[in-house]
Each structure stands twice: as structure tokens, then as C-alpha cells.
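One structure below.
The values are calculated or read from the model by the stated rules, or taken from the named source; none is laboratory data. The model shown is predicted, which means the values in this text are computed figures rather than measured ones. Don't worry about glycine lacking a Cβ; one is built from the backbone with ideal geometry, like all the others, and counts go over all protein chains shown.
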Amino acid sequence: MNFKQLLEKIMESDQNIRFAAIFDRYGMVREKIPRDGTSQMMDEFDTQNMLREAASSWYHRKSLAQKLGKGHYSMTVYDNLIRITMPLDTDYFVIISHDKLDEQPPIAKQIQQILDTNKIDSFE
């Protein structure tokens, strides 16, 4: 299976995936598929910077694997989408953008609700 076929399979798995890409350890896109009918939220420059940061973060996580175990995925929830990054192997990563903000892990929702309803008066 090549990169394009893999991304097509990922896109077919969920209609709420708006974008899927494979990038290398330098943050360079090797293949990408945007969902038809969706608009891009970031331009190519911002996307490239985000992918470089994601690749760098995974290499940092890899250095902690002996203590914490292998990293399986990283999920970032924004106001407008969820971004999930997963290692494909040691040199490549998959990233997807997902529209369904209600599909985050229950523990994250619980903690966010606690934070939203319990404001800290001071950070001393």
C-alpha cells in the first residue's frame, strides 16, 4: 500500500475527517488529501510550520519512550477542529484534522468542564 492509498483509506473511515497527510521527520509533506468541499483553515506556510513542530515533538517523545513506553498518538483540540498525529514508522507520521469536537476522550471533557467552572484567583 502506498501513501496515497493509505490516506484514501483513512479518509473513507470517517466523513468528519477534513484533511489527512503523511509527513516525514523534517515536517515535509509526502502526500495529502483534503476533503472535497472543505476550506483550508491554514495556508501552506502555517501548515509546514505546524508539521515541523509536530515532527520535532514526536522525536522528543521518542526519547522518553524507554521511561514512558511508545507514543501511540497525540491529539490537540482547537476551537474549530481536532488534530491527531500518529507515527507511521520511525521516519513518517500521519496527521488528520477532524471536525467532530464532541469526539474527544471523556477524561479531557471532564477536566475541561472542571477548569471552565472553577477559576483560579491567583497563580502564585
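Computed values, structure above
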| quantity | calculated |
| --- | --- |
| All positions within segment 1-29 that are more than 14 Å from Ser97 (Cβ to Cβ), under 16 Å from the mean Cα position of the chain (by Cα) and surrounded by 15 or more Cβ atoms within 10 Å (Cβ to Cβ) | Arg25, Gly27 |
| Among (1) over 11 Å from the mean Cα position of the chain (by Cα); (2) assigned to a strand (DSSP E or B) - the single one Phe93 does not satisfy | (1) |
| Odd one out for Phe23, checked against (1) in contact (Cβ under 8 Å) with a residue 40 or more places away in the chain; (2) out of contact with any helix residue (DSSP H, G or I) (no Cβ under 7 Å at 6 or more places or on another chain); (3) among the aromatic types (Phe, Trp, Tyr) | (2) |
| In segment 41-68, the residues that are in a loop (DSSP other than H, G, I, E, B) and either among the β-branched types (Val, Ile, Thr) or without any contact (Cβ under 8 Å) to a residue 12 or more places away in the chain (or both) | Met42, Asp43 |
| Filtered residues of segment 77-124 (kept if among the hydroxyl-bearing types (Ser, Thr, Tyr) and modelled with pLDDT under 80) | Ser122 |
| Residue that is surrounded by the fewest Cβ atoms within 10 Å (Cβ to Cβ) [pool: residues in segment 30-67 that are among the acidic types (Asp, Glu) and more than 16 Å from the chain's Cα centre (by Cα)] | Asp36 |
